[in-house]
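The values are calculated or read from the model by the stated rules, or taken from the named source; none is laboratory data. What you see is a predicted model, and the numbers here were worked out from it, not measured in a lab. Backbone-built Cβ (ideal geometry, glycine too); neighbour counts: all protein chains shown.
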Amino acid sequence: MNNIGRIFCFCISALMLGLSPSPCPAAETFVTIGTGGITGVYYPAGGAICRLVNKARKEHNIRCTVESTGASVFNVNAVRSGDLSMGIVQSDVQNYAVNGRGQFANAGADKSLRALFSLQSEAFTLVVRDDAGINSFDDLKGKRMNLGDPGSGNRSTLELLMEEYQWTPAVFKLATDLKPAEMAGALCDNKIDAYVYVVGHPNGSIKEAATTCSSHVAPVTGPKVEAFMKKYPFYPEAVIPGGMYKGTDKPVKTFGPRATLVANASLPDNVAYAVVKAVFTNLEEFKKLHPALAELTPQNMLDGNSAPFHPGALKYFKEAGLLK
């Protein structure tokens, strides 16, 4: 018999004997966070959240577990169906779900999706050869550029930015469709001049390029990028820390979706409140649990969300003075 069963039997027995039921504790609440593959950032980030929630279990009687999943789209659908309590999703995917666009056009707008907080930035990272003469996104015209795997998040985000620039693939000397695992090798073999990777940092592919050949991360800034971010607010500003990769000594400004923690509106307010409080009141400890979390601040953890904040999250943010 599990613990809840034992508690239930004890309480019933006490009532039958006319004893006070006061020794009966409230039943434990179990929640599960959908993450991503075990080698990515989502899985350890979800584990870090659960670790802090479980650390305060005596206060709120909530037990948190993580599940490795197919990541953003899967998590949105599983939260919507009730198969997951919470899920980590990219902020752009969150926006598409809320508005019933893209992969969610058939299912329609998810009006029950609620945001809890944002996690690490998944920066739009422009990696270039040192000898290619590329100092910004604007310099890519006439260069050999990898557009990314068709249908990938890398490709779709790049194509949106190219629309802002009024570019087609024809502006490049060469446009390739390489997958992430192939990009660093192609750059160092001098088959391409640059590639974009929408990803959390540190990242293995970018480390491979930095250590194998002379390359660096270039900034993605300027008036057109600012206009793009204003048009698509779920792509907030991002900064890639300096010194993380050989050849990139100073911080690099760009933009990118954020990983966000979402839930269904049906998640009890006290549960959402406890999860948010556990992370925000232990933020310094949380940031040390994975390098990708190091740049988090209470303020930027409210950025990039399209779904309304869950009432339980709002309660904490107002108590902490983060929102009015």
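For segment 99-125, a tally of residues being surrounded by 20 or more Cβ atoms within 10 Å (Cβ to Cβ) and either acidic (D, E) or more than 19 Å from the chain's Cα centre (by Cα) (or both) returns 2.
Residue-wise test of (1) over 21 Å from K253 (Cα atoms); (2) assigned by TED's automatic domain parsing to the domain that holds E295.
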site: N106; (1), (2): yes, yes
site: L113; (1), (2): yes, yes
site: V127; (1), (2): no, no
site: A132; (1), (2): no, no
site: G142; (1), (2): yes, no
site: A170; (1), (2): yes, no
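Evaluating L302 against the criteria (1) assigned by TED's automatic domain parsing to the domain that holds N75; (2) touching a Phe, Trp or Tyr at 6+ places or on another chain (Cβ under 9 Å); (3) buried (at least 20 other Cβ atoms within 10 Å of the Cβ) leaves one unmet condition, (3). When restricted to residues that are surrounded by fewer than 20 Cβ atoms within 10 Å (Cβ to Cβ) and without any contact (Cβ under 8 Å) to a residue 60 or more places away in the chain, segment 79-98 contains 2.
Being more than 29 Å from V73 (Cα to Cα) and without any contact (Cβ under 8 Å) to a residue 12 or more places away in the chain narrows it down to one of K246, K191, K230, K250, so name that one. Step through it out loud before you land on a result.
Working: K246 fails: without any contact (Cβ under 8 Å) to a residue 12 or more places away in the chain; K191 fails: without any contact (Cβ under 8 Å) to a residue 12 or more places away in the chain; K230 fails: more than 29 Å from V73 (Cα to Cα).
Matching residue, one of K246, K191, K230, K250: K250.
Figure legend. Inter-residue proximity from segment 268-281: first residues within 13 Å of R114 (Cα to Cα) and in contact (Cβ under 8 Å) with a residue 24 or more places away in the chain, second residues of a type in the set (D, E, K, R) and crowded, with 20+ Cβ neighbours inside 10 Å, beta-carbon distance below 8 Å, spacing 6+ or different chains. Indicated pairs: A272/R114.
Sub-7 Å Cβ pairs linking a first residue in segment 161-181 that is under 21 Å from G256 (Cβ atoms) to a second residue that is part of a helix (DSSP H, G or I), at least 6 apart or interchain, are L161/F228; E164/K224; E164/A227; E164/F228; Y165/K224; L178/A186; P180/S205, ordered by first then second residue. Within segment 147-174, track down each residue that is over 27 Å from P233 (Cβ atoms) and surrounded by 15 or more Cβ atoms within 10 Å (Cβ to Cβ). The answer is F172, and nothing else. Counted as qualifying within segment 1-91 are the strands (runs of 3 or more DSSP E) with 1 or more residues that are of a type in the set (D, E) and at pLDDT 90 or above, namely 62-67. One residue stands out in segment 297-324 among those that are under 18 Å from the mean Cα position of the chain (by Cα) and not in a loop (DSSP other than H, G, I, E, B): the one that is modelled with the lowest pLDDT, namely N300.
Taking the criterion of being out of contact with any Pro (no Cβ under 7 Å at 6 or more places or on another chain), closer than 23 Å to A210 by Cα and of a type in the set (S, T, Y), the residues of segment 111-151 that qualify are S121, T125.
Does segment 52-59 contain at least one residue that is within 30 Å of G185 (Cα to Cα) and within 20 Å of the chain's Cα centre (by Cα)? Working first, answer last.
Of the residues in segment 52-59, the ones within 30 Å of G185 (Cα to Cα) are none.
Taking every residue of segment 52-59 in turn, none turns out to be within 30 Å of G185 (Cα to Cα) and within 20 Å of the chain's Cα centre (by Cα).
Please return the ranges of strands (runs of 3 or more DSSP E) entirely within segment 93-178 where 1 or more residues are under 23 Å from N264 (Cα atoms).
Details: elements: 113-121, 123-129, 144-146, 174-176.
Passing ranges, in order: 113-121.
Screening segment 180-296 for strands (runs of 3 or more DSSP E) wholly inside it with 2 or more residues that are buried (at least 23 other Cβ atoms within 10 Å of the Cβ) and touching a Phe, Trp or Tyr at 6+ places or on another chain (Cβ under 9 Å) returns the ranges 194-199, 215-218, 258-264.
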